[in-house]
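The values are calculated or read from the model by the stated rules, or taken from the named source; none is laboratory data. On a predicted model such as this, the values are computed, not experimentally measured, just so you know. Glycine also receives a Cβ, built like all others from the backbone with ideal geometry; neighbour counts cover every protein chain displayed. Accessible surface areas use protein heavy atoms only, side chains included; no ligands, DNA or RNA. Shrake-Rupley method; radii C 1.70, N 1.55, O 1.52, S 1.80 Å.
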Amino acid sequence: MRILVINCGSSSIKYKLYGVEVGDCLAEGIIEGIGAPNARHRHRVGDWETAVEVSVTDYHSGVARIVEALLEWGPVPPVADSREIVGVGHRVVHGGERFSASVIIDPAVMETIEGLDSLAPLHNPANRAGIEAAGALLPGATGVAVFDTAFFSTLPERAYRYAVPAHWWRRHGVRRYGFHGISHRYLVERASEVLGKPRPNLVTFHLGAGASACAVRRGRAVDTSMGMTPLEGLVMGTRSGDLDPAVVFHLLEAGLSASEIRRGLEREGGLLGLSGISSDFRRLAEATRAGDPSAALAVEVFVHRIRRYLGAFLVQAAPCDGVVFSGGIGENSPEVRRRALEGLEDLGLALDLSRNGGEGERRISAAGSPISAWVIPTDEESLIARDTVRLVVGGQV
Ligand code: ADP
């Protein structure tokens, strides 16, 4: 029995295949550039890897290619018959107020997800397209939706409400939902294991192209930096994160259109906007080393915002057991971790510089630091697979 995990983005499909005993992944890949003239399909089975240019016009043909690759590619394809795939776990970005846990997908669930399209216009329609494609191509497999918002269903009202007219919330759904919940939940589960504490108090950071922080008390999310949409909070690759909402009407009154402002905040802001060079942290780190002042400033603002949330969330999570770094930047940049944690010994958080480098899951705080610090590589797909197994096959994996 196999479990397929599918993550449909706005122009890509990432996937991983697991056995029902979710441990090592048996195959994985990505199709990028869906709808573009030259889409690219990378597929790996064990040590065997291939990358080919393909024509993939939509999610249905993308999922069809993935099923074909799993059945036919590599010296030993991991699936002999598509009926071996008993469950398909889908990452769904927005579950609104309705979904506080993963669910088996049925027509009513699909209708509810569709009703949330306006809150996640780039993501939920792509997620639904992936669900429909998998349903048609693997009719024997049970679909499971795993929501990026679900982990934040435990936020208290004081954390999820904005101080705006109450009818905006009731009529238009204006509240904080939080995102990256699959990653933060994974980090909390792993941190609980490495700390040997069933319900830890934590501050978790997912720092990738998108970036978010989460305050956790007794294993549950109590606050998060992302808001009604994934635009709020930390500085991201191209997203501004926090800003004074008056900026928006100031710019409207100055003659910019709503779509220009949206583009500036979502696609041309963040590290890219600040530096004018790139949204990619590695390139900014190189440019900083080469002496570029705007790249250095972008990194400085990025770290400053992390420290702002760290301070706020250490209070929310007090007495805090640990701070966790994850995501492409959080896992791979010792520099960001060092600068984020600099000078916090009096708050009980002391980094051990000799542990800050290195790779993989590890503690990076000094022995005896009352609050420990960790690097935990996130693994959203394995969590989606585990939820899928639990709902489709039953039992705890
Ligand atoms: P996504 O949110 O798309 O999954 P990732 O978690 O892969 O993104 O993170 C992408 C970010 O991580 C990019 O800004 C990239 O430059 C950064 N990154 C990846 N490797 C390193 C590294 N070795 N050092 C610093 N930054 C890195």
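Does at least one position in region 386-396 carry a residue that is surrounded by fewer than 19 Cβ atoms within 10 Å (Cβ to Cβ), among the acidic types (Asp, Glu) and either more than 13 Å from the ligand (Cβ to nearest atom) or in contact (Cβ under 8 Å) with a residue 24 or more places away in the chain (or both)?
Among the residues of region 386-396, not one is surrounded by fewer than 19 Cβ atoms within 10 Å (Cβ to Cβ), among the acidic types (Asp, Glu) and either more than 13 Å from the ligand (Cβ to nearest atom) or in contact (Cβ under 8 Å) with a residue 24 or more places away in the chain (or both), which makes the answer no.
Every residue, every condition in (1) of a type in the set (Lys, Arg); (2) in contact (Cβ under 8 Å) with a residue 24 or more places away in the chain; (3) open to solvent by 60 Å² or more (accessible area, probe 1.4 Å), yes or no:
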{"site": "GLY29", "(1), (2), (3)": "no, yes, no"}
{"site": "GLY35", "(1), (2), (3)": "no, yes, no"}
{"site": "ASN38", "(1), (2), (3)": "no, no, yes"}
{"site": "ARG42", "(1), (2), (3)": "yes, no, yes"}
{"site": "ALA51", "(1), (2), (3)": "no, no, no"}
{"site": "THR57", "(1), (2), (3)": "no, no, yes"}
{"site": "ALA64", "(1), (2), (3)": "no, yes, no"}
{"site": "GLU72", "(1), (2), (3)": "no, no, yes"}
{"site": "SER82", "(1), (2), (3)": "no, yes, no"}
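Looking at region 322-349, which of the residues that are assigned to a loop (DSSP other than H, G, I, E, B) and away from the ligand (no atom under 11 Å from the Cβ) is nearest to ARG282 (Cα to Cα)?
Checked region 322-349; the qualifying residue nearest to ARG282 (Cα to Cα) is GLU342.
Does ARG267 fit the bill of being surrounded by fewer than 17 Cβ atoms within 10 Å (Cβ to Cβ), at pLDDT below 95 and not acidic (Asp, Glu)?
Judged against the criteria, ARG267 is a match.
Identify, from the list ARG220, ARG171, ARG185, the residue that is more than 14 Å from the ligand (Cβ to nearest atom), modelled with pLDDT under 95 and open to solvent by 30 Å² or more (accessible area, probe 1.4 Å).
After applying the criteria, what remains is ARG171.
When you check LEU207 against the structure, is it of a type in the set (A, V, I, L, M, F, W, C), closer than 18 Å to ARG362 by Cα, open to solvent by less than 20 Å² (accessible area, probe 1.4 Å) and within 16 Å of the ligand (Cβ to nearest atom), yes or no?
Spelling it out, LEU207 is indeed of a type in the set (A, V, I, L, M, F, W, C), closer than 18 Å to ARG362 by Cα, open to solvent by less than 20 Å² (accessible area, probe 1.4 Å) and within 16 Å of the ligand (Cβ to nearest atom).
Tally the residues that are buried (at least 24 other Cβ atoms within 10 Å of the Cβ), hydrophobic (A, V, I, L, M, F, W, C) and away from the ligand (no atom under 13 Å from the Cβ), restricting the search to region 298-319.
Looking only at that region, the number is 3.
Hey, could you check region 270-297 for residues that are without any contact (Cβ under 8 Å) to a residue 24 or more places away in the chain and crowded, with 19+ Cβ neighbours inside 10 Å and say which is nearest to VAL194 (Cα to Cα)?
Of everything passing the filter in region 270-297, LEU284 is nearest to VAL194 (Cα to Cα).
Can you tell me which residue is nearest to the chain's Cα centre (by Cα) among those in region 344-359 that are open to solvent by 60 Å² or more (accessible area, probe 1.4 Å) and not acidic (Asp, Glu)?
Filtering region 344-359 for residues that are open to solvent by 60 Å² or more (accessible area, probe 1.4 Å) and not acidic (Asp, Glu), the one nearest to the chain's Cα centre (by Cα) comes out as GLY358.
Residues that are closer than 29 Å to GLU331 by Cβ, in contact with a Leu (Cβ under 9 Å, 6 or more places away or on another chain) and among the hydroxyl-bearing types (Ser, Thr, Tyr): list the helices (runs of 4 or more DSSP H) wholly contained in region 107-217 that include at least 3 such residues.
Here the list reads 181-195.
Across region 192-204, which residue is farthest from the ligand (Cβ to nearest atom) among those that are of a type outside the set (Val, Ile, Thr) and open to solvent by less than 10 Å² (accessible area, probe 1.4 Å)?
That would be PRO200.
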